[in-house]
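Here the structure is laid out as structure tokens; the discussion comes afterwards.
The values are calculated or read from the model by the stated rules, or taken from the named source; none is laboratory data. Since this is a predicted model, take the numbers as computed values, not measurements. Using ideal geometry, Cβ is built from the backbone for each residue, glycine included, and neighbour counts are taken over all protein chains shown. Only protein heavy atoms, including side chains, enter the accessible area calculation; ligands, DNA and RNA are left aside. Shrake-Rupley method; radii C 1.70, N 1.55, O 1.52, S 1.80 Å.
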Amino acid sequence: MELTDKIIKLKKEKKAILLAHNYQRPEIQEIADYVGDSIELSRKAVNEKEAEIIVFSAVDFMAESAAILNPEKKVLLPSPGARCPMAQMLTVDEIKKWKALYPLVPVVLYVNTLAAAKAYCDVCCTSANAVEIIEALNAETVLFGPDHNLAEYAQEKTGKTVLPIPEWGFCPTHLLFQPEDAQALKTQHPEAVLMVHPECNAEMRRMADFVGSTSQMCRYAKESSAKKFIVATEEGLLHRLRKENPGKEFILAYEDAVCPNMKLNTLERIYLALKEEKHVVTVPEPVARQARKALEKMFELTAK
Ligand code: CIZ
Ligand code: SF4
């Protein structure tokens, strides 16, 4: 039996669902029950009442969020080494340091953080709703971590003061996109629309026709009358963009823009994790309780 068939069979037997992030390998996206961004997948995890096991094909912080929101379910991360380096950039000590400096300022944390960090914030956000969340808060200044590019983007969009913590946090994959490469592609394909993720640097965002999260890029590409798009985000999204828009062309803005952590998940690892029910992600309850509040506050403040 093919590996994909084995996974599908096991999923049924064990009442498991497979959630795959937009950056996962095409063959994983193809057999997933849902493909989406971190917030869409977290919502799916909560709404799937029947499921007993959630196989979360993504990186550590996303699986942790699913575990926090579903304490009664078994959440498996197929490859335990799939850890987001940006999430590691914000330690609890760093948050405490900034909170001491700005005791009255709310702390907004990107979901790309470890559970222990989330436990110290007021509300979480994703790249799809950071602007909406900061706008909804009754504060003119917020502390925001760990991505300083998203902080800067949110500051531009909201007109509020968004202080990045740490001051330098970044995604190593989105850092690969540089304006010279994007400009060369724009010159080669003058009719193409440039879509840029807010984790990219300010020059990239400034030359973009559209700035948005992966889910927002999918929506934009579908609704746009353009036929060609240059895309500045992790290459996994191009599989979904091409599948959903067969008549349109998608070009990666930098051809090696791969997140090696996301790519640690393979069909083989998904199969083994599910078969042996291994690599269970757990978050100690005192931390989970606090982090859950921050995630729930995010759901509360966003209609989407
Ligand atoms: O929120 C997510 O899923 C991430 C990390 C990227 C995006 O824009 O969807
Ligand atoms: Fe982390 Fe960037 Fe990889 Fe997303 S693409 S998991 S933010 S390193």
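Using each residue's phi in region 177-187, evaluate 6.51 cos²θ - 1.76 cosθ + 1.60 at θ = phi - 60° and report the 3J(HN,Hα) Karplus result to the nearest Hz, with x for Gly and Pro.
Using θ = phi - 60°, the values come out as 7, 10, x, 4, 5, 5, 5, 4, 5, 5, 5 Hz.
What's the carbon and sulfur percent of region 1-133's accessible surface, probe 1.4 angstrom, rounded to a whole number?
The computed percentage sits at 53.
Using a simple spin-label model with points 7 Å from Cα along the Cα→Cβ vector, what separation in nm is obtained for Glu285 and Lys97?
3.4 nm
Just to confirm a number: summing +1 for Lys and Arg and -1 for Asp and Glu over residues other than Trp98 whose beta-carbon lies under 13 angstrom from that of Trp98, what do you get?
That works out to -1.
Calculate log10 I(q)/I(0) of region 97-211 for q = 0.15, 0.18, 0.20 Å⁻¹, where I(q) comes from the Debye formula with a single equal point scatterer on each Cα and nothing for solvent.
-0.65, -0.87, -1.02
Under 5 Å between amide hydrogens, which residues at least 5 positions from Cys84 or on another chain qualify, with H placed 1.01 Å from N in the peptide plane?
Asp60, Phe61
Roll a 1.4 Å probe over the protein chains and send me the accessible area per residue for region 159-210 in Å².
44 Å²
Go through region 70-86 residue by residue and turn each phi into a ³J(HN,Hα) via Karplus (6.51, -1.76, 1.60, θ = phi - 60°); whole Hz please, and just put x for glycine and proline.
Values per residue, Gly and Pro as x: 10, x, 8, 9, 8, 9, 10, 9, x, 10, x, x, 6, 10, 7, x, 5 Hz.
Between rounded, prolate and oblate, where does region 147-195 land on the alpha carbon gyration tensor, with a ≥ b ≥ c its root eigenvalues, rounded for a/c under 1.5, else prolate if a/b exceeds b/c?
Values: a/c = 4.26, a/b = 1.89, b/c = 2.26.
Judged from the Cα gyration tensor, region 147-195 comes out oblate (a/c at least 1.5, b/c at or above a/b).
What residues qualify as long-range amide H neighbours of Cys125, i.e. H under 5 Å apart, gap of 5 or more or another chain, H built at 1.01 Å from N?
Placed amide hydrogens put Leu109, Tyr110, Val111 under 5 Å from Cys125.
Roughly speaking, what % of Cα-Cα pairs in region 15-85 are separated by over 17 Å, rounded to a whole number?
Numbers: 788 of 2485 pairs.
Distances greater than 17 Å cover 32 percent of the Cα pairs.
Which percent, nearest 5, of DSSP beta bridges in the chain are antiparallel? Kindly include the intermediate steps, with their values, before the conclusion.
Details: 1 of 32 bridges.
Here the antiparallel bridges make up roughly 5 percent for the chain.
Near the amide H of Val193, under 5 Å away, which other amide H atoms are found, from residues 5 or more places off or on another chain, if H is placed in the peptide plane?
Lys228, Phe229, Ile230
Hey, what's region 219-304 come to in accessible area per residue, 1.4 Å probe, Å²?
I get 52 Å² per residue for region 219-304.
Where nothing but the Cβ of Lys and Arg (+1) and of Asp and Glu (-1) is charged, how large is the charge dipole of region 54-185 around its Cα centre, in debye to the nearest 20?
That gives region 54-185 a dipole magnitude of about 460 debye.
Please sort by residue number the chymotrypsin sites (Phe, Trp or Tyr not before Pro) in region 118-205 whose DSSP state is loop and whose Cβ has at most 16 other Cβ atoms within 10 Å.
Trp168
Can you work out the accessible area per residue across region 1-140, with the rest of the protein chains kept in place, probe 1.4 Å, in square angstrom?
Solvent-accessible surface per residue comes out at 40 Å².
Per residue of region 272-278, in order, report the coupling 6.51 cos²θ - 1.76 cosθ + 1.60 (Karplus, θ = phi - 60°) as ³J(HN,Hα) in whole Hz, putting x for Gly and Pro.
Taking θ as phi minus 60°, the curve returns 5, 4, 6, 4, 9, 6, 10 Hz for region 272-278.
Per the Kirkwood formula on distinct C-alpha pairs, the Rh of the chain is how many angstrom?
Working: mean 1/r = 0.0509 Å⁻¹.
Computed over the chain, the radius equals 19.7 Å.
Explain nothing, just the number: relative contact order of the chain, from Cα pairs under 8 Å at least 6 residues apart, as a whole percent. Working shown, then result.
On the way: 606 pairs, mean separation 69.3, N = 304.
Relative CO of the chain lands at 23 percent.
Taking all protein chains in place and a 1.4 Å probe, what share, in percent, of the accessible surface of region 204-304 do carbon and sulfur account for?
The value for region 204-304 is 51 percent carbon and sulfur by accessible area.
Could you sort out which of Lys74/Lys118; Lys9/Lys228; Lys73/Lys263; Lys11/Lys222; Lys11/Lys243; Lys6/Lys118 sit more than 28 Å apart by Cα distance in this structure?
On the way: Lys74/Lys118 21 Å; Lys9/Lys228 38 Å; Lys73/Lys263 25 Å; Lys11/Lys222 31 Å; Lys11/Lys243 24 Å; Lys6/Lys118 36 Å.
Those over the limit are Lys9/Lys228; Lys11/Lys222; Lys6/Lys118.
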